[in-house]
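Asker: What follows is a structure written as structure tokens; I'll ask about it next.
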Amino acid sequence: MSLDLSAIQGFAGNRLDRRGNDREDPALQARWRAAPDALHALFAGDQPLLKVQGDGLAGLLPAASAGGGGRESVFLGLMPDGRPVFATARDELPQGTAETEDGLVVGDLRALAAEGRLGEDVLGALAQAKSLLSWHRNHRFCARCGAETAQSPAGWRRDCAACGAQHFPRTDPVVIMLVRRGDACFLARQARFAPGVYSCLAGFVEPGETLEDAVRREVMEEAGLASGAVAYLCSQPWPFPSSLMIGCVADAAGGEVTLDLGELEDGRWFTRDEVALMLRGGHPAGLRAPPPLAIAHHLLRAFAEGRA
């Protein structure tokens with residue numbers, strides 16, 4: 001169940017063959033970059049650049065669309081038909097730009113995922129591209145000595161010629177947990193949430209911490225609740241900028257709800273029936289679950305259907 005549930009998360013549809021063993025072969029990388037059928041996931045800052053095709057959008061574009069303003073280019077992998085795919089950064093655009101001079105439209109990755117105008121496999125590749133390009137943009141200088149770094153042939157490493165340090169892309173683990181007590185679960189909302197939306201608690205895993213300990217710590221810090229058994233359910237890549245959401249189920253073991261009001265504006269227990277109504281948009285108080293793009297939606301659906 002966990003594997004299937006992870007596979008249906010937003011941004012989890014990446015089907016590229018990453019060819020990790022070929023990243024250190026400069027000649028092969030050069031050949032793939034020069035391939036006439038190579039494709040590019042183009043970004044201007046954090047914004048993907050897309051081509052309108054009928055009623056849909058194309059997110060992986062031919063090399064001609066990459067232009068000459070690229071600052072970084074990273075090998076993502078091979079399509080099932082063997083075409084190489086790269087993440088390529090173009091110059092950042094003026095704020096408010098909706099279309100580039102060469103006719104590409106500026107997108108928003110969250111909105112694209114919610115609207116369903118791109119295939120899940122393309123969304124997954126764009127998520128991979130966004131995370132890697134963001135890492136390169138923010139790690140141009142060596143964390144050890146401060147000298148400027150250069151990317152490796154495939155773009156999966158940055159090297160410092162001054163001190164010899166090698167730097168690799170990072171993914172930040174985040175636990176998100178459905179806290180349950182019998183036929184009820186604890187949900188909360190932050191002030192930034194859309195009106196009426198309640199979601200699962202979540203937080204970053206800290207150094208020296210197991211996933212289970214991170215779940216228990218976050219639940220105690222944010223809601224004042226002790227947790228017992230913790231189980232993994234599913235995961236979701238979250239490219240904002242580069243996190244892995246790790247979905248867990250935690251059994252409440254006691255304590256009174258004491259909200260961290262610096263993080264949350266409200267939180268309470270919801271019955272299984274209430275959660276089902278929230279997912280259907282039929283809660284009598286107008287309360288809602290997060291949209292299907294979010295892993296919290298699928299944790300709540302599993303709970304409502306008795307699978308968690």
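Asker: Among the residues in the stretch 274-295, are any closer than 20 Å to Trp238 by Cβ and of a type in the set (Gly, Ala, Ser)?
Answerer: yes
Asker: Taking the stretch 151-165, which residues are under 26 Å from the mean Cα position of the chain (by Cα), among the hydrophobic types (A, V, I, L, M, F, W, C) and open to solvent by less than 10 Å² (accessible area, probe 1.4 Å)?
Answerer: Ala154
Asker: Quick check on this structure: which one of Leu277, Leu293, Leu300 is out of contact with any Cys (no Cβ under 6 Å at 6 or more places or on another chain), part of a helix (DSSP H, G or I) and over 14 Å from Leu201 (Cα atoms)?
Answerer: Exactly one of Leu277, Leu293, Leu300 is out of contact with any Cys (no Cβ under 6 Å at 6 or more places or on another chain), part of a helix (DSSP H, G or I) and over 14 Å from Leu201 (Cα atoms), namely Leu277.
Asker: For Arg110, work out the one condition from (1) out of contact with any Leu (no Cβ under 6 Å at 6 or more places or on another chain); (2) farther than 30 Å from Ala308 by Cβ; (3) open to solvent by 50 Å² or more (accessible area, probe 1.4 Å); (4) not aromatic (Phe, Trp, Tyr) it doesn't fulfil.
Answerer: Here Arg110 meets the rest and fails (2).
Asker: Looking at the stretch 192-203, is at least one residue among the charged types (D, E, K, R) and surrounded by fewer than 14 Cβ atoms within 10 Å (Cβ to Cβ)?
Answerer: Yes, some residue in the stretch 192-203 is among the charged types (D, E, K, R) and surrounded by fewer than 14 Cβ atoms within 10 Å (Cβ to Cβ).
Asker: Just to be sure, is Ala89 surrounded by 11 or more Cβ atoms within 10 Å (Cβ to Cβ), in a strand (DSSP E or B), at pLDDT 90 or above and more than 18 Å from the chain's Cα centre (by Cα)?
Answerer: It is true that Ala89 is surrounded by 11 or more Cβ atoms within 10 Å (Cβ to Cβ), in a strand (DSSP E or B), at pLDDT 90 or above and more than 18 Å from the chain's Cα centre (by Cα).
Asker: Across the stretch 98-131, what is the total count of residues that are more than 19 Å from Glu72 (Cα to Cα), of a type in the set (Lys, Arg) and under 16 Å from the mean Cα position of the chain (by Cα)?
Answerer: The total comes to 1.
The values are calculated or read from the model by the stated rules, or taken from the named source; none is laboratory data. Because the structure is predicted, anything quoted here is derived from the model rather than measured. Virtual Cβ from ideal backbone geometry, glycine too; neighbours counted across all protein chains shown. Ligands, DNA and RNA are stripped out before the accessible areas are found, and what is left, the full protein with its side chains, is counted by its heavy atoms. Shrake-Rupley method; radii C 1.70, N 1.55, O 1.52, S 1.80 Å.
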